[in-house]
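Report on the structure given below.
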Amino acid sequence: MRTDYCGALRSADIDREVTLCGWVDRRRDHGGVIFIDLRDRDGIAQVVFDPDAAEHFELADRVRSEYVLKVTGRVRARAPEAVNPNMVTGEIEVYGLQLEILNSAETPPFQLDEHTAVGEDVRLKYRYLDLRRNEMQHNLRFRSKITNAIRNYLDDEGFLDIETPILTRATPEGARDYLVPSRTHGGKFFALPQSPQLFKQLLMVSGFDRYYQIAKCFRDEDLRADRQPEFTQIDIETAFLDENAIMSITENMIRKLFKELKGIELGEFPRMPFSEAMAKFGSDKPDLRIPLELVDIKDLMTEVDFKVFSGPANDPKGRVTALKVPGGNDKLTRKQIDDYTKFVGIYGAKGLAYIKVNDKSDLEGGLQSPIVKFLPNDVRGAILERLNAENGDLIFFGADKGKIVSEALGALRCKLGEDLDLYVAEWAPLWVVDFPMFEENDDGSLTALHHPFTAPSCAPEELEKNPLESLSRAYDMVLNGTELGGGSIRIHDQSMQEMVFRVLGIDEQEQREKFGFLLDALKYGAPPHGGLAFGLDRLVMLMTDSESIRDVIAFPKTQSAACVMTDAPGAVDAKQLRELSIRLRQKEEQVG
């Protein structure tokens, strides 16, 4: 029906007769001449109808916003005073010769203007209209470019695109699985995959030594701006390559993406041990654009007569840390400090102590804070020296269990960087490496920090003897404080895999029940292998500077994991439930 896309027309097309199809973005009547901005996925072209077009002019007079049109006309140069430098088609217009209304449209529930602020619930309810907006068109086209570039890169590197099952069995952390009842196996359930992890490992055992897949994954969990119940992974696995080679291949892929699609040189990615990331930044995905660092002062607080500090200082699992904001005295008001105190409370912190350094040479009267009176002069001086504090600096303190302090001050560091615009670079990539194999739960049990198929850096005997001291061969790629992807070298030896399961408290019977197929596969010549999975949605969100991954997914769910457009999830009738051998329990009514 069309010869050209609206947004593709340029001065080189002058005097060409073209046929365009699209939606009416705007219609304007200027003294008997009608201007229609016709929009398609490529952009907007201005079409002009005058009375010489006879019945087509009358049709143009009837069209309204979002009508679907087919227009035939001749491309001509705009008058100099009418040139629009803000449009790629701003030097030309189409003189309309014929017009066909392909469909009319009711008045949309919101303006599709890029400057119009619309509530997200309304946008998602009418997503098919929201997707017509220039911002959304750009994001999804850019997403397509990213996936195409990734496929081309991995194809050139010898990777094979192989699909893995969507219907599989529940994972060990099954509470986060979406379950699918089986009609043919009454009372039994499939699960939607949280990751193709085990299948891609089995592909390595099968001899397909370079695999990739742009895979749909599913996780039934609370959502945030960068989480969705269904999300897309760039899933990669290789055999006969160590972590350095895998990191090199994937790092080159990301650098090439940014270079080709954004013209940005990311350079080499520095590597940072997990322990350093947590000590300096309170996070295993540090934002290196922000120059602030946490400084541990636990050793300085063991003897102070202030239990808020001395308690955690004498607790093996406690942490006492300081965060210096250079020049913060003039940058932050008392109200802002109070707001930051509320902010760290989100992460479990009971408060946020601070010291204003007015005159570092006067340890008695030059420090302003409610807590100064609890700190001896020698401790005050040691704190200032360790933080290299200068007059005008503001120092925040965190004292509690290590996890709480790290999360609270790590988040505060990022918020200060954003609020005070402390960024020293536009892009700051890195690899975080040398992760612990396990982390300890409150009840003393252990959980795999990545997943239980990650290879440790030590022998099985050492792993069993000192599980909390053992490091893994895992690596995460981080960009601007966001984890783009995580991966590891996998366990390819059956005895090592069984040892990891035992350390995690998974007995032999449970091992066989849940992972028997994997353990069996490891007996038949499993090669050394490893891989990495990128979050495609997060990657696109970063590269398009979007605030939420919902802005880079065509049909996302809300933060409550619902689709307001299709009203999903929804109820099913009793007949379907009977066929699936399912009976719903009614919620008991609240009493009193």
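Observations
- From 462, 439, residue being surrounded by fewer than 17 Cβ atoms within 10 Å (Cβ to Cβ), closer than 19 Å to residue 486 by Cβ, touching a strand residue (DSSP E or B) at 6+ places or on another chain (Cβ under 9 Å) and charged (D, E, K, R): 439
- So residue 58, is it among the acidic types (Asp, Glu), under 27 Å from residue 129 (Cβ atoms) and not assigned by the TED database to the domain that holds residue 139: no
- Filter result for residue 124 (surrounded by 15 or more Cβ atoms within 10 Å (Cβ to Cβ) and in contact with a strand residue (DSSP E or B) (Cβ under 6 Å, 6 or more places away or on another chain)): no
- Residues in the stretch 453-485 that are in contact (Cβ under 8 Å) with a residue 12 or more places away in the chain, among the small types (Gly, Ala, Ser) and outside any strand (DSSP E or B): 455, 457, 470, 481.
- Taking the criterion of being part of a strand (DSSP E or B) and either farther than 30 Å from residue 525 by Cα or more than 14 Å from the chain's Cα centre (by Cα) (or both), the residues of the stretch 218-257 that qualify are 218, 230, 231, 232, 235, 236, 237, 238, 239.
- Contact annotation: residue pairs with Cβ atoms under 6 Å, 6 or more positions apart or on different chains, pairing a residue in the stretch 559-576 that is in the same structural domain as residue 123 (by the TED database) with a partner that is among the basic types (Lys, Arg) and surrounded by 15 or more Cβ atoms within 10 Å (Cβ to Cβ), are 563/557; 564/125; 565/125; 565/127.
- Residues located in the stretch 362-378, provided they are within 21 Å of residue 352 (Cβ to Cβ) and surrounded by fewer than 19 Cβ atoms within 10 Å (Cβ to Cβ): 368, 369, 370, 371, 372, 373, 374
- Of the residues examined, residue 302 is one that is in a loop (DSSP other than H, G, I, E, B) and either outside the structural domain of residue 385 (by the TED database) or surrounded by fewer than 19 Cβ atoms within 10 Å (Cβ to Cβ) (or both).
- Test: residue 505 is in contact with a Cys (Cβ under 7 Å, 6 or more places away or on another chain) and not assigned by the TED database to the domain that holds residue 250: no
- The criterion of being over 16 Å from the mean Cα position of the chain (by Cα), under 30 Å from residue 436 (Cβ atoms), in a helix (DSSP H, G or I) and touching a residue at least 24 places away in the same chain (Cβ under 8 Å) holds for residue 518.
- Filter result for residue 199 (modelled with pLDDT of 95 or more, of a type in the set (Phe, Trp, Tyr) and out of contact with any Gly (no Cβ under 8 Å at 6 or more places or on another chain)): yes
- Filtered residues of the stretch 305-325 (kept if assigned to a strand (DSSP E or B), charged (D, E, K, R) and over 20 Å from residue 403 (Cβ atoms)): 324
- Long-range neighbours under 9 Å by Cβ, at least six apart or interchain, first residue small (Gly, Ala, Ser) within the stretch 412-423, second at pLDDT 95 or above and part of a loop (DSSP other than H, G, I, E, B): 417/287; 417/289; 417/290; 417/291; 417/292; 417/423; 417/481
- Subset of the stretch 119-134 (residues that are closer than 20 Å to residue 37 by Cβ and not in a helix (DSSP H, G or I)): 131, 132, 133
- Some residue of the stretch 550-565 being modelled with pLDDT of 90 or more, in contact with a Pro (Cβ under 7 Å, 6 or more places away or on another chain) and closer than 21 Å to residue 233 by Cβ: yes
- No other residue among 187, 207 is more than 16 Å from the chain's Cα centre (by Cα), part of a loop (DSSP other than H, G, I, E, B) and at pLDDT below 95 apart from 187.
- Residue that is farthest from residue 498 (Cα to Cα), among those in the stretch 406-452 that are assigned to a helix (DSSP H, G or I) and acidic (Asp, Glu): 419
- Looking only at the stretch 72-93, residues that are farther than 22 Å from residue 133 by Cα and in a strand (DSSP E or B) come to 7 in all.
- Among the residues listed as 69, 102, 97, the single one being part of a strand (DSSP E or B), surrounded by fewer than 15 Cβ atoms within 10 Å (Cβ to Cβ) and in contact (Cβ under 8 Å) with a residue 40 or more places away in the chain: 102
- Answer from 37, 50 - the residue that is of a type in the set (Asp, Glu) and touching a Phe, Trp or Tyr at 6+ places or on another chain (Cβ under 8 Å): 50
- Among (1) on the phi < 0 side of the Ramachandran plot; (2) under 23 Å from the mean Cα position of the chain (by Cα), the one test that residue 468 misses: (2)
- The residues on offer are 535, 485, 505, 525, and the sole one that is on the phi > 0 side of the Ramachandran plot and touching a strand residue (DSSP E or B) at 6+ places or on another chain (Cβ under 8 Å) is 505.
- Subset of the stretch 258-283 [touching a residue at least 60 places away in the same chain (Cβ under 8 Å), among the charged types (D, E, K, R) and part of a helix (DSSP H, G or I)]: 260, 262
The values are calculated or read from the model by the stated rules, or taken from the named source; none is laboratory data. It should be emphasised that the depicted structure is a prediction, and the values quoted were computed from it without experimental measurement. We place every Cβ from the backbone using ideal geometry, glycine too, and count neighbours over all the protein chains shown.
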